[in-house]
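*Asks:* Below: one structure in structure tokens.
Coordinate-derived values only; no laboratory data. Quick caveat: nothing in here was measured; it's all calculated off a predicted structure. So basically every Cβ, Gly included, is an ideal-geometry build from the backbone, and we count neighbours across all protein chains shown.
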Amino acid sequence: MKAAAVKITIVRRGRREPAVVGENQTIAGVAGEKGVNGETALIKLNGRLAHPDERLSDGDVLEFVDIVYSG
């Protein structure tokens with residue numbers, strides 16, 4: 001049996017892209033696939049700060065906000 005697909009929108013560096021992920025996919029899983037380092041980016045889900053272990057649902061907007069810093 002094939003897992004259900006979940007349609008989300010990923011926002012990174014001002015670009016929005018539609019994406020399809022597995023039914024039980026977590027934010028951490030998507031971040032890893034996209035090469036996002038959780039130590040240098042904030043993760044927002046539907047406009048609020050999110051925990052990497054949260055599961056995604058149809059219609060979610062997942063945003064990765066790079067933290068800019070200098071020494």
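*Asks:* Label-point separation (nm) for Leu42 and Lys7, each offset 7 Å from Cα along Cα-to-Cβ?
*Replies:* 2.9 nm
*Asks:* Kindly write out, for segment 23-40 in residue order, the coupling ³J(HN,Hα) from the Karplus curve 6.51 cos²θ - 1.76 cosθ + 1.60 (θ = phi - 60°), rounded to whole Hz, with x marking Gly and Pro.
*Replies:* 4, 9, 5, 9, 4, 4, x, 5, 4, x, 5, 8, x, 8, 8, x, 8, 10
*Asks:* Also: Charges at C-beta only: +1 for Lys and Arg, -1 for Asp and Glu. How large is the resulting dipole of the chain about its Cα centre, in Debye rounded to 20?
*Replies:* 240 debye
*Asks:* Quick one: compute the contact order of segment 5-66, relative version, from alpha carbon pairs under 8 angstrom and 6+ residues apart, as a percent.
*Replies:* That works out to 45 percent.
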